[in-house]
Structure formats: structure tokens, C-alpha cells
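Trainee: Submitted below is the structure of interest, expressed as C-alpha cells.
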Amino acid sequence: MTDSPAGPDPAAPDPAGRDPANPDPAGAGAVAIEGLRKSFGANLVLDGIDLSVASHEVICLIGASGSGKSTLLRCINLLESIDAGRILLWGQDITQPGIDQNRVRRSVGIVFQAFNLFPHMTVLRNVTLAPVKALGASRREAEDEARALLDRFGLLEKQADYPDRLSGGQQQRVAIVRALAMRPRLMLLDEVTSALDPELVAEVLDVIRELAGSGMTMLIATHEMSFARDIANRVCFLSGGRIVEQGPPAELFTSPRDERTQRFLRRITDAGRL
Ligand SMILES: Nc1ncnc2c1ncn2[C@@H]1O[C@H](COP(=O)(O)OP(=O)(O)OP(=O)(O)O)[C@@H](O)[C@H]1O
Ligand SMILES: [Mg+2]
């Protein structure tokens, strides 16, 4: 996507602290998580997470239910406060006091299992609402950009429809388009296919594959192991609040080293899901 007046004010300080003249230096880390700890009451959910993500990298987070995948994504989007450690986005510590949290959230798209579209608004309005309200785009600019995105993902003919007229797969694709309309530099996807009937999963995975191909940096929590194997540059297995093993999918899925990863994958294989 090119920069148009619908985008963030180019003169404003960059939320991720990039040099405007060189916004994405080669090899720059997109995300750096250091010693991240998070508890809910007595429940220690993230127990020292260290993770670096390069620009354009696609990382899949796998692990048993309750292993902290969603919590980790929510911390990166500042939807959860953290207890210790820090999170840097393109070099800027977004967990330091005084950070403009709304600015950070605008640069990080997050899509959940539940699509959360506004039922009383058309598809087009769902997609243009935030760019107009939060980025200060004009309605016309936001609509032009929204239509281009809807077209890119095969949804243009649905622009005037209300969400309840769409299939689950279409609604989830609209939710992804809505996040993209904010021109995020990073996308966090949390089990975006879990609520879908099996026959609708593929169309959503195709959208994510297209995004990966376009160079979007992504962190994806998923139970779809074959998809993770197919799309991820790197797979991270979470257990006991830590990333106990990570590596390229070809390695991690075929010859996991850690006994906990082996056990998890064996369960998945036995259930016929790998
Ligand atoms: N808002 C919250 N308040 C209290 N506990 C929470 C909250 N959110 C998550 N937890 C707890 O944190 C732990 C990790 O939950 P999380 O949702 O991150 O796991 P997950 O790996 O995403 O699981 P799943 O695969 O089922 O989506 C769980 O024990 C959960 O009960
Ligand atoms: Mg989850």
C-alpha cells in the first residue's frame, strides 16, 4: 500500500521510532520481546518470554490450550499490562511509561477468533470507521482504500452488505481487511479460523498466505498445524509460560528436540491433525 493522505501524518513522530528517511533498515528487528512475564492473580501465564521477530517474518505460536498464546499476542498489542520484561517494536520500547498506547495499537493489527464486526454497519462502513476516526482520513479516501482492499481479497461485491448476510469465512476476511485498513506494520492473528466451519477455513488461510507473500510481518497463534507448517518461517512452541522450542517448521514438526514438544505433537498426530 502506498502512503496517501489517508495514512498517518508523515510529519508526526513514528510510534515505532523509525527514522522516516530509512523506515525499515535491512535486518531491522520488527519485534523484540525480552524477559516478558505476566500473571493473572496467582496464575503465572508467561514466565520469561524472549522472542525476536524480523521484518517480514511469519511466526506461528503453537501450544496446548492455556499455554499463553493469546496472552502473548494481547501483550504485544498492549491489551494486557505486563509484570516484567519489555517489548520493542522496531526498536522502540512500547512498554515504557508514557508511551502513547493508542498510537502503538494503531500500528499493530489484531484479529481474533470472533470477528467482532459491527452488525449495524455495512462491510464498507466497518472497514472505513477506524481510518476515518483514528487516522483522520476523509471518508472518500478511506472508502477508496477500503474498496481496493476488499477487491484484493475478493470481497468488493459485499461492500454494501451487513455482516449477517456474509458467511463466517467472509466475515473473518472482512475483519482482516478492517485491520489492514489501518495500515499496520505488524499483524497479530489469534486463532482466526477456529470459529469457522471446516469448508470455510481455506479461504481465510488463503488471505493470510497472500498477506505473508506481500511481506507483512505476522505473529499467528494457531491450532492448524498443517497451516503453520506451510506458512511459517518459524514455529514457536509454548509450554509452561515459556517458548520451550522454536525453529523452522520442517525441523520442529519432523524432529522436535524437547520432550514436551514431542508429547504435544504426538497428541496432535494421534488426533489426526498433523
Ligand atoms: N483475562 C484473564 N483473566 C484471568 N486469567 C486469564 C485471562 N486471560 C487468560 N487467562 C489465563 O491465562 C492462561 C493462558 O490463556 P491464553 O488464553 O493466553 O491461552 P491460549 O494458549 O491462547 O489458549 P487457547 O489455545 O485455548 O486459545 C489460561 O490459564 C487462562 O485461563
Ligand atoms: Mg488463545
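The values are calculated or read from the model by the stated rules, or taken from the named source; none is laboratory data. A quick note: this is a predicted structure, and the numbers were derived from the prediction, not measured. Methodologically, a virtual Cβ is constructed for each residue, glycine included, from the backbone with ideal geometry; neighbour enumeration extends over all protein chains shown.
Trainee: Give just the number: which of (1) surrounded by fewer than 17 Cβ atoms within 10 Å (Cβ to Cβ); (2) more than 16 Å from ligand 2 (Cβ to nearest atom); (3) of a type in the set (A, V, I, L, M, F, W, C) does Leu79 not satisfy?
Mentor: (2)
Trainee: Criterion first (within 13 Å of ligand 1 (Cβ to nearest atom) and either modelled with pLDDT of 95 or more or under 19 Å from Pro184 (Cβ atoms) (or both)) does Ser70 satisfy it? Steps first, please.
Mentor: Working: within 13 Å of ligand 1 (Cβ to nearest atom): yes; either modelled with pLDDT of 95 or more or under 19 Å from Pro184 (Cβ atoms) (or both): yes.
Here the answer is yes, as Ser70 does meet what is asked.
Trainee: Here is a further query. Just the residues that are within 16 Å of ligand 2 (Cβ to nearest atom) and not β-branched (Val, Ile, Thr), please, taken from region 219-232. Let's see the steps before the verdict.
Mentor: Looking only at region 219-232, we keep the residues that are within 16 Å of ligand 2 (Cβ to nearest atom), and these are 219-225, 227-228.
Hits for region 219-232 are Leu219, Ala221, His223, Glu224, Met225, Phe227, Ala228.
Trainee: May I pose another question? Please give the number of the condition Thr193 fails out of (1) surrounded by fewer than 21 Cβ atoms within 10 Å (Cβ to Cβ); (2) over 19 Å from Thr269 (Cα atoms).
Mentor: The number of the failed condition is (1).
The rows are residues; the columns are (1) modelled with pLDDT of 95 or more; (2) of a type in the set (Val, Ile, Thr); (3) surrounded by fewer than 19 Cβ atoms within 10 Å (Cβ to Cβ).
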| residue | (1), (2), (3) |
| --- | --- |
| Glu141 | yes, no, yes |
| Asp144 | yes, no, yes |
| Leu156 | yes, no, yes |
| Pro163 | yes, no, no |
| Ser167 | no, no, yes |
| Gln172 | no, no, no |
| Ala175 | yes, no, no |
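Trainee: If Ala179 satisfies all but one of (1) at pLDDT 95 or above; (2) part of a loop (DSSP other than H, G, I, E, B), what's the number of the condition it fails?
Mentor: For Ala179, the exception is condition (2).
Trainee: Let me spell it out: the conditions are (1) within 16 Å of ligand 2 (Cβ to nearest atom); (2) on the phi < 0 side of the Ramachandran plot, and Asn116 meets all of them except one. Which number is the exception?
Mentor: Failing condition for Asn116: (2).
Trainee: Return the residues of region 22-54 that are at pLDDT below 95 and over 14 Å from Ile87 (Cα atoms); say none if nothing qualifies.
Mentor: Answer for region 22-54, where residues must be at pLDDT below 95 and over 14 Å from Ile87 (Cα atoms): Asn22, Pro23, Asp24, Pro25, Ala26, Gly27, Ala28.
Trainee: Would you confirm, using the coordinates I've provided, whether Phe118 is of a type in the set (Phe, Trp, Tyr) and more than 19 Å from the chain's Cα centre (by Cα)?
Mentor: yes
Trainee: Given the options Arg234, Arg260, name the one that is of a type in the set (D, E, K, R), modelled with pLDDT of 95 or more, closer than 22 Å to Ser70 by Cβ and within 16 Å of ligand 1 (Cβ to nearest atom).
Mentor: Just one listed residue meets the conditions, Arg260.
Trainee: Restricting attention to region 95-135, and to residues there that are surrounded by fewer than 16 Cβ atoms within 10 Å (Cβ to Cβ) and small (Gly, Ala, Ser), which single residue is nearest to ligand 1 (Cβ to nearest atom)? Lay out the reasoning, then the answer.
Mentor: Within region 95-135, the first condition is being surrounded by fewer than 16 Cβ atoms within 10 Å (Cβ to Cβ), and the residues that meet it are 96-102, 114, 116, 118-121, 133-134.
From what's left, small (Gly, Ala, Ser): 98, 114, 134.
On the way: Gly98: 25, Ala114: 12, Ala134: 25 Å.
Step by step, filter region 95-135, then rank; the result is Ala114.
Trainee: In region 85-93, is there at least one residue being of a type in the set (Val, Ile, Thr), within 15 Å of ligand 1 (Cβ to nearest atom) and crowded, with 22+ Cβ neighbours inside 10 Å?
Mentor: Taking region 85-93 as the starting set, the residues that turn out to be of a type in the set (Val, Ile, Thr) are 87.
So of that shortlist, the ones also within 15 Å of ligand 1 (Cβ to nearest atom) come out as none.
Taking every residue of region 85-93 in turn, none turns out to be of a type in the set (Val, Ile, Thr), within 15 Å of ligand 1 (Cβ to nearest atom) and crowded, with 22+ Cβ neighbours inside 10 Å.
Trainee: Out of Ala179, Ala212, which single residue is aliphatic (A, V, I, L, M), in contact with a His (Cβ under 9 Å, 6 or more places away or on another chain) and crowded, with 16+ Cβ neighbours inside 10 Å?
Mentor: Values: Ala179 fails: in contact with a His (Cβ under 9 Å, 6 or more places away or on another chain).
After ruling out the rest, the residue left standing is Ala212.
Trainee: Considering only residues that are polar (S, T, N, Q) and closer than 20 Å to Gly272 by Cβ, look in region 217-240 and name the one that is surrounded by the most Cβ atoms within 10 Å (Cβ to Cβ). It would help to see each step written out before you state the result.
Mentor: Within region 217-240, the first condition is being polar (S, T, N, Q), and the residues that meet it are 217, 222, 226, 233, 239.
Subsequent filtering for residues that are closer than 20 Å to Gly272 by Cβ retains 222, 226.
Numbers: Thr222: 23, Ser226: 13.
Among those that are polar (S, T, N, Q) and closer than 20 Å to Gly272 by Cβ, it is Thr222.
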